[in-house]
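Asks: I have a structure here, written as C-alpha coordinates, and I will follow up with some questions on it.
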Amino acid sequence: MPRSTLLSRLPATPPRVMRALAIAALVANAGIAVTGSVVRVTGSGLGCPAWPSCFPGSLVPDPRYDVAPLHQWVEFSNRLLTGVLSAVVAACLLAALNTRPRRRRLTLLAVSMPAGVVVQAVIGGITVLAGLAWWTVSVHYLVSMVLVWLSVLLVRATGQLDGPPVPALPAAGRGLVALSTVALGALLAAGTLVTAAGPHAGDAKTPRLGLGVPQMAQLHSDLVIGYLGLLVGLGFLLRAVDASAVLRRRHWVLVAAVLAQGALGGIQYVLGVPEVLVSLHVLGACLTTAAAAALWAASTDRPPVPTVRPGTDGAPGTSTPDAATSSTPAGSHSR
(Lines give C-alpha, C1' and ligand atoms only; values in the text may rest on other atoms or scores of the structure.)
Protein backbone atom coordinates (compact mmCIF):
# COMPACT_ATOMS: atom_id res chain seq x y z
CA MET A 1 0.00 0.00 0.00
CA PRO A 2 1.71 3.28 -1.07
CA ARG A 3 2.39 5.73 1.74
CA SER A 4 0.94 9.21 1.30
CA THR A 5 3.32 12.17 1.05
CA LEU A 6 2.04 13.68 4.31
CA LEU A 7 2.49 10.49 6.32
CA SER A 8 5.94 9.90 4.85
CA ARG A 9 7.07 13.19 6.37
CA LEU A 10 6.02 12.17 9.87
CA PRO A 11 8.09 10.04 12.25
CA ALA A 12 7.08 6.39 12.32
CA THR A 13 4.61 5.48 15.05
CA PRO A 14 6.54 4.00 18.02
CA PRO A 15 5.12 0.64 19.16
CA ARG A 16 4.41 1.96 22.66
CA VAL A 17 2.37 4.86 21.22
CA MET A 18 0.37 2.52 19.00
CA ARG A 19 -0.37 0.28 21.96
CA ALA A 20 -1.35 3.22 24.18
CA LEU A 21 -3.79 4.48 21.56
CA ALA A 22 -5.29 1.01 21.12
CA ILE A 23 -5.81 0.74 24.89
CA ALA A 24 -7.38 4.21 24.86
CA ALA A 25 -9.80 3.03 22.14
CA LEU A 26 -10.72 0.03 24.28
CA VAL A 27 -11.38 2.22 27.34
CA ALA A 28 -13.35 4.75 25.28
CA ASN A 29 -15.56 2.11 23.64
CA ALA A 30 -16.33 0.55 27.02
CA GLY A 31 -16.82 3.97 28.59
CA ILE A 32 -19.40 5.10 26.03
CA ALA A 33 -21.41 1.95 26.71
CA VAL A 34 -21.40 2.66 30.45
CA THR A 35 -22.37 6.31 30.02
CA GLY A 36 -25.13 5.16 27.67
CA SER A 37 -26.53 3.09 30.51
CA VAL A 38 -26.48 6.20 32.73
CA VAL A 39 -28.58 7.96 30.11
CA ARG A 40 -31.04 5.09 30.21
CA VAL A 41 -31.38 4.67 34.00
CA THR A 42 -31.81 8.42 34.54
CA GLY A 43 -34.63 8.51 31.99
CA SER A 44 -32.65 10.92 29.81
CA GLY A 45 -32.85 9.01 26.55
CA LEU A 46 -35.01 11.70 24.96
CA GLY A 47 -33.32 14.59 26.74
CA CYS A 48 -32.26 15.64 23.25
CA PRO A 49 -35.22 14.52 21.11
CA ALA A 50 -33.70 15.60 17.77
CA TRP A 51 -30.73 14.31 15.80
CA PRO A 52 -27.97 15.33 15.24
CA SER A 53 -28.92 18.56 17.03
CA CYS A 54 -30.31 18.48 20.56
CA PHE A 55 -33.49 20.32 19.58
CA PRO A 56 -34.73 21.60 16.21
CA GLY A 57 -32.61 24.64 15.54
CA SER A 58 -30.41 24.13 18.62
CA LEU A 59 -27.30 21.98 18.75
CA VAL A 60 -27.08 22.28 22.54
CA PRO A 61 -29.62 21.95 25.40
CA ASP A 62 -32.23 24.68 25.39
CA PRO A 63 -34.20 25.71 28.52
CA ARG A 64 -37.10 26.94 26.37
CA TYR A 65 -38.18 23.37 25.70
CA ASP A 66 -40.37 21.39 28.08
CA VAL A 67 -37.69 18.82 28.89
CA ALA A 68 -36.02 18.62 32.31
CA PRO A 69 -32.58 20.32 32.22
CA LEU A 70 -30.99 17.28 33.89
CA HIS A 71 -32.24 15.01 31.12
CA GLN A 72 -31.06 17.42 28.45
CA TRP A 73 -27.54 17.67 29.83
CA VAL A 74 -27.14 13.96 30.59
CA GLU A 75 -28.03 13.02 27.02
CA PHE A 76 -26.03 15.91 25.54
CA SER A 77 -22.97 14.97 27.63
CA ASN A 78 -23.14 11.42 26.31
CA ARG A 79 -23.17 12.79 22.77
CA LEU A 80 -20.13 14.94 23.56
CA LEU A 81 -18.29 11.83 24.74
CA THR A 82 -18.84 10.40 21.28
CA GLY A 83 -16.64 13.25 20.07
CA VAL A 84 -13.88 12.15 22.45
CA LEU A 85 -14.22 8.58 21.23
CA SER A 86 -14.08 9.80 17.62
CA ALA A 87 -10.82 11.65 18.28
CA VAL A 88 -9.26 8.59 19.92
CA VAL A 89 -10.17 6.16 17.14
CA ALA A 90 -9.10 8.65 14.47
CA ALA A 91 -5.71 8.89 16.18
CA CYS A 92 -5.57 5.08 16.24
CA LEU A 93 -6.12 4.90 12.50
CA LEU A 94 -3.53 7.57 11.68
CA ALA A 95 -1.00 5.86 13.96
CA ALA A 96 -1.64 2.48 12.32
CA LEU A 97 -1.25 3.98 8.84
CA ASN A 98 2.10 5.43 9.88
CA THR A 99 3.46 2.21 11.37
CA ARG A 100 6.60 1.10 9.56
CA PRO A 101 6.41 -1.32 7.95
CA ARG A 102 2.68 -0.89 7.60
CA ARG A 103 0.79 -3.97 8.81
CA ARG A 104 -2.39 -5.01 7.03
CA ARG A 105 -4.11 -6.66 10.01
CA LEU A 106 -3.31 -3.78 12.36
CA THR A 107 -4.58 -1.29 9.79
CA LEU A 108 -7.83 -3.17 9.20
CA LEU A 109 -8.54 -3.38 12.93
CA ALA A 110 -7.76 0.32 13.28
CA VAL A 111 -10.13 1.10 10.38
CA SER A 112 -12.89 -0.82 12.21
CA MET A 113 -12.75 1.70 15.08
CA PRO A 114 -13.91 4.88 13.26
CA ALA A 115 -16.18 2.75 11.06
CA GLY A 116 -17.83 1.41 14.21
CA VAL A 117 -18.27 4.93 15.59
CA VAL A 118 -20.03 5.98 12.38
CA VAL A 119 -22.31 2.94 12.57
CA GLN A 120 -23.07 3.71 16.20
CA ALA A 121 -23.87 7.33 15.36
CA VAL A 122 -26.37 6.18 12.74
CA ILE A 123 -27.93 3.65 15.13
CA GLY A 124 -28.04 6.31 17.84
CA GLY A 125 -29.92 8.65 15.54
CA ILE A 126 -32.39 5.90 14.63
CA THR A 127 -32.82 5.12 18.33
CA VAL A 128 -33.74 8.73 19.14
CA LEU A 129 -36.04 9.13 16.12
CA ALA A 130 -37.73 5.78 16.95
CA GLY A 131 -38.52 7.01 20.45
CA LEU A 132 -36.08 4.58 22.14
CA ALA A 133 -37.76 1.48 20.74
CA TRP A 134 -36.33 -1.45 22.71
CA TRP A 135 -34.85 -3.22 19.70
CA THR A 136 -32.89 -0.13 18.62
CA VAL A 137 -31.42 0.19 22.13
CA SER A 138 -30.49 -3.51 22.06
CA VAL A 139 -28.68 -3.18 18.72
CA HIS A 140 -26.91 -0.04 19.96
CA TYR A 141 -25.59 -1.94 22.98
CA LEU A 142 -24.55 -5.07 21.09
CA VAL A 143 -22.55 -3.06 18.56
CA SER A 144 -20.69 -1.50 21.49
CA MET A 145 -19.76 -4.99 22.68
CA VAL A 146 -18.47 -5.84 19.19
CA LEU A 147 -16.31 -2.71 19.28
CA VAL A 148 -14.95 -3.64 22.71
CA TRP A 149 -14.03 -7.06 21.27
CA LEU A 150 -12.32 -5.54 18.23
CA SER A 151 -10.48 -3.08 20.48
CA VAL A 152 -8.92 -5.97 22.39
CA LEU A 153 -7.81 -7.56 19.11
CA LEU A 154 -6.34 -4.20 18.11
CA VAL A 155 -4.33 -4.04 21.33
CA ARG A 156 -3.05 -7.56 20.65
CA ALA A 157 -2.18 -6.70 17.03
CA THR A 158 0.02 -3.77 18.07
CA GLY A 159 2.64 -6.29 19.18
CA GLN A 160 2.37 -8.66 16.22
CA LEU A 161 3.55 -8.72 12.63
CA ASP A 162 1.40 -9.86 9.72
CA GLY A 163 1.54 -13.54 8.94
CA PRO A 164 -0.51 -16.71 9.15
CA PRO A 165 -1.75 -17.43 12.70
CA VAL A 166 -0.01 -20.24 14.56
CA PRO A 167 -2.49 -22.22 16.72
CA ALA A 168 -1.69 -22.22 20.43
CA LEU A 169 -4.32 -24.92 21.02
CA PRO A 170 -5.33 -28.14 19.26
CA ALA A 171 -8.39 -28.05 17.02
CA ALA A 172 -10.70 -29.24 19.82
CA GLY A 173 -9.55 -26.40 22.05
CA ARG A 174 -10.02 -23.77 19.36
CA GLY A 175 -13.46 -25.18 18.63
CA LEU A 176 -14.42 -24.90 22.29
CA VAL A 177 -13.20 -21.31 22.42
CA ALA A 178 -15.29 -20.55 19.32
CA LEU A 179 -18.36 -22.26 20.79
CA SER A 180 -17.99 -20.32 24.04
CA THR A 181 -17.78 -17.11 22.01
CA VAL A 182 -21.09 -17.90 20.31
CA ALA A 183 -22.58 -18.62 23.74
CA LEU A 184 -21.33 -15.26 25.00
CA GLY A 185 -23.02 -13.53 22.08
CA ALA A 186 -26.31 -15.25 22.93
CA LEU A 187 -25.84 -14.33 26.58
CA LEU A 188 -25.32 -10.64 25.77
CA ALA A 189 -28.33 -10.63 23.44
CA ALA A 190 -30.50 -12.21 26.15
CA GLY A 191 -29.29 -9.54 28.57
CA THR A 192 -30.69 -6.85 26.28
CA LEU A 193 -34.08 -8.63 26.38
CA VAL A 194 -34.07 -8.47 30.18
CA THR A 195 -33.35 -4.75 29.93
CA ALA A 196 -36.05 -4.30 27.28
CA ALA A 197 -38.63 -5.88 29.58
CA GLY A 198 -37.37 -4.05 32.66
CA PRO A 199 -38.18 -0.65 34.15
CA HIS A 200 -35.28 1.38 32.72
CA ALA A 201 -36.44 2.38 29.27
CA GLY A 202 -34.59 5.67 28.99
CA ASP A 203 -37.89 7.56 29.02
CA ALA A 204 -41.07 7.06 31.04
CA LYS A 205 -43.27 6.95 27.93
CA THR A 206 -41.27 4.32 26.05
CA PRO A 207 -43.14 1.00 25.57
CA ARG A 208 -41.42 -2.05 27.03
CA LEU A 209 -40.94 -5.56 25.67
CA GLY A 210 -44.08 -7.41 26.77
CA LEU A 211 -42.52 -10.78 27.56
CA GLY A 212 -42.07 -10.28 31.29
CA VAL A 213 -38.93 -9.71 33.34
CA PRO A 214 -39.02 -13.10 35.17
CA GLN A 215 -39.12 -15.05 31.91
CA MET A 216 -36.31 -13.03 30.31
CA ALA A 217 -34.23 -13.16 33.49
CA GLN A 218 -34.64 -16.96 33.57
CA LEU A 219 -33.45 -17.24 29.97
CA HIS A 220 -30.50 -15.01 30.77
CA SER A 221 -29.51 -16.99 33.86
CA ASP A 222 -29.81 -20.29 31.99
CA LEU A 223 -27.39 -18.99 29.38
CA VAL A 224 -25.01 -17.85 32.11
CA ILE A 225 -24.97 -21.39 33.52
CA GLY A 226 -24.44 -22.86 30.05
CA TYR A 227 -21.61 -20.44 29.35
CA LEU A 228 -19.93 -21.26 32.63
CA GLY A 229 -20.23 -24.95 31.79
CA LEU A 230 -18.36 -24.37 28.54
CA LEU A 231 -15.66 -22.43 30.40
CA VAL A 232 -15.27 -25.24 32.94
CA GLY A 233 -14.84 -27.73 30.08
CA LEU A 234 -12.31 -25.41 28.47
CA GLY A 235 -10.40 -25.24 31.74
CA PHE A 236 -10.04 -29.02 31.86
CA LEU A 237 -8.90 -29.03 28.23
CA LEU A 238 -6.29 -26.34 28.86
CA ARG A 239 -4.87 -28.43 31.66
CA ALA A 240 -4.94 -31.63 29.61
CA VAL A 241 -2.98 -30.12 26.71
CA ASP A 242 -0.55 -28.28 29.01
CA ALA A 243 -1.58 -24.92 27.58
CA SER A 244 0.58 -21.86 28.09
CA ALA A 245 0.46 -19.87 31.30
CA VAL A 246 -0.96 -16.92 29.35
CA LEU A 247 -3.93 -18.94 28.12
CA ARG A 248 -4.64 -20.39 31.54
CA ARG A 249 -4.40 -17.00 33.19
CA ARG A 250 -6.77 -15.37 30.69
CA HIS A 251 -9.19 -18.26 31.12
CA TRP A 252 -9.34 -17.72 34.88
CA VAL A 253 -9.78 -13.98 34.46
CA LEU A 254 -12.77 -14.69 32.22
CA VAL A 255 -14.26 -17.18 34.69
CA ALA A 256 -13.89 -14.63 37.50
CA ALA A 257 -15.59 -11.94 35.41
CA VAL A 258 -18.53 -14.22 34.56
CA LEU A 259 -18.98 -15.27 38.19
CA ALA A 260 -18.92 -11.63 39.32
CA GLN A 261 -21.46 -10.72 36.65
CA GLY A 262 -23.73 -13.59 37.67
CA ALA A 263 -23.60 -12.53 41.32
CA LEU A 264 -24.30 -8.90 40.41
CA GLY A 265 -27.22 -9.92 38.20
CA GLY A 266 -28.75 -11.94 41.02
CA ILE A 267 -28.43 -9.01 43.42
CA GLN A 268 -30.03 -6.72 40.83
CA TYR A 269 -33.01 -9.02 40.48
CA VAL A 270 -33.55 -9.37 44.23
CA LEU A 271 -33.26 -5.61 44.85
CA GLY A 272 -35.57 -4.64 41.98
CA VAL A 273 -32.91 -3.47 39.51
CA PRO A 274 -31.55 -0.33 41.23
CA GLU A 275 -30.09 2.21 38.82
CA VAL A 276 -26.49 2.15 39.99
CA LEU A 277 -26.30 -1.64 39.65
CA VAL A 278 -27.51 -1.43 36.06
CA SER A 279 -24.52 0.70 35.08
CA LEU A 280 -22.18 -1.57 37.06
CA HIS A 281 -23.65 -4.55 35.20
CA VAL A 282 -22.96 -2.87 31.85
CA LEU A 283 -19.39 -2.20 32.98
CA GLY A 284 -19.12 -5.86 33.96
CA ALA A 285 -20.40 -6.90 30.53
CA CYS A 286 -17.67 -4.79 28.91
CA LEU A 287 -15.02 -6.40 31.13
CA THR A 288 -16.37 -9.89 30.42
CA THR A 289 -16.37 -9.24 26.67
CA ALA A 290 -12.82 -7.89 26.86
CA ALA A 291 -11.67 -10.93 28.85
CA ALA A 292 -13.28 -13.30 26.34
CA ALA A 293 -11.65 -11.44 23.45
CA ALA A 294 -8.26 -11.65 25.18
CA LEU A 295 -8.68 -15.42 25.53
CA TRP A 296 -9.67 -15.68 21.87
CA ALA A 297 -6.63 -13.62 20.83
CA ALA A 298 -4.29 -15.83 22.86
CA SER A 299 -5.55 -19.01 21.17
CA THR A 300 -3.41 -18.17 18.14
CA ASP A 301 -0.06 -16.45 17.77
CA ARG A 302 1.85 -14.44 15.18
CA PRO A 303 5.45 -13.24 14.95
CA PRO A 304 6.18 -10.46 17.47
CA VAL A 305 7.11 -6.94 16.45
CA PRO A 306 10.93 -6.67 16.51
CA THR A 307 12.42 -4.67 19.36
CA VAL A 308 13.64 -1.30 18.10
CA ARG A 309 17.03 -0.05 19.24
CA PRO A 310 17.06 3.35 20.98
CA GLY A 311 17.69 6.22 18.60
CA THR A 312 16.16 4.57 15.51
CA ASP A 313 12.97 5.57 13.73
CA GLY A 314 11.44 2.12 13.70
CA ALA A 315 12.53 1.28 10.17
CA PRO A 316 13.08 -2.36 9.24
CA GLY A 317 16.42 -3.76 10.26
CA THR A 318 16.60 -2.04 13.66
CA SER A 319 15.59 -5.04 15.73
CA THR A 320 17.72 -6.84 18.22
CA PRO A 321 19.43 -9.98 16.81
CA ASP A 322 17.00 -12.48 18.26
CA ALA A 323 13.81 -10.37 18.37
CA ALA A 324 12.24 -11.89 15.31
CA THR A 325 12.66 -15.41 16.65
CA SER A 326 11.51 -14.79 20.21
CA SER A 327 7.99 -16.17 19.79
CA THR A 328 7.07 -19.54 21.23
CA PRO A 329 7.40 -22.30 18.61
CA ALA A 330 4.20 -23.96 17.46
CA GLY A 331 3.28 -26.86 19.62
CA SER A 332 5.32 -25.82 22.68
CA HIS A 333 3.97 -23.92 25.67
CA SER A 334 5.78 -22.00 28.36
CA ARG A 335 4.59 -22.42 31.89
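The values are calculated or read from the model by the stated rules, or taken from the named source; none is laboratory data. Quick caveat, the model's predicted, so the values are computed rather than measured. With ideal geometry, Cβ positions are generated from the backbone for all residues, glycine too; neighbour counts draw on all protein chains shown. With ligands, DNA and RNA removed, areas are computed over all heavy atoms of the protein, side chains included. Shrake-Rupley method; radii C 1.70, N 1.55, O 1.52, S 1.80 Å.
Asks: Might you list the cysteines of the chain that have no disulfide-compatible partner by the rule of another cysteine's Cβ under 4.7 Å?
Replies: Among the cysteines of the chain, those whose Cβ sits 4.7 Å or more from every other are Cys92, Cys286.
Asks: Quantify, in whole percent, the carbon and sulfur part of the accessible surface of the chain (1.4 Å probe; protein heavy atoms only). If you can, show how the numbers build up before the last one.
Replies: Details: 11700 of 16480 Å².
Of the solvent-accessible surface of the chain, carbon and sulfur hold 71 percent.
Asks: Give me the log10 of I(q) over I(0) for the chain at q = 0.13 Å⁻¹, as the Debye formula computes it from C-alpha points; what are the numbers?
Replies: Taken in order of the listed q values, log10 I(q)/I(0) reads -1.03.
Asks: Okay, next question. With a/c under 1.5 counting as rounded, go ahead and sort the range 1-159 into rounded, prolate or oblate using the C-alpha gyration tensor (a ≥ b ≥ c being the square roots of the eigenvalues; past the cut-off, prolate if a/b is larger than b/c, else oblate). Numbers along the way, then the final one.
Replies: Values: a/c = 2.75, a/b = 2.16, b/c = 1.27.
Prolate, because a/c is 1.5 or more and a/b exceeds b/c.
Asks: Leaving out ligands and nucleic acids, note down the accessible area per residue over the chain with a 1.4 angstrom probe, in whole Å². The partial results should precede the final answer.
Replies: Details: 16480 Å² over 335 residues.
Here the residues of the chain average 49 Å² of exposed surface.
Asks: Amide H neighbours of Asp301 under 5 Å, counting only residues 5+ apart in sequence or on other chains, H built in-plane at 1.01 Å?
Replies: Result for Asp301 returns Val166, Ala168.
Asks: For the ranges 156-163, 224-231, 19-26, what's the packing order if you count other beta-carbon atoms within 10 Å of each residue, average per peptide, and put the highest first? It would help to have the intermediate numbers written out before the result.
Replies: Numbers: 156-163: 18.1, 224-231: 16.6, 19-26: 22.4.
Going from most to least packed, we get 19-26, 156-163, 224-231.
Asks: If you build a Gaussian network model of the chain, linking Cα atoms that sit under 10 Å apart, which residue out of Pro15, Pro303, Pro101 swings the most?
Replies: Ranking Pro15, Pro303, Pro101 by mean-square fluctuation puts Pro101 first.
Asks: Relative to the longest principal axis of the chain, what angle (0 to 90°, nearest 10) does the C-alpha long axis of helix 104-129 take?
Replies: Value to nearest ten degrees: 0.
Asks: Report, to the nearest 10°, how far helix 213-240 tilts away from the longest principal axis of the Cα atoms in the chain, using its own Cα long axis and a range of 0 to 90°.
Replies: 10
Asks: Using the alpha-carbon atoms, what tilt in degrees (0 to 90, nearest 10) does helix 275-298 show relative to the longest principal axis of the chain?
Replies: 20
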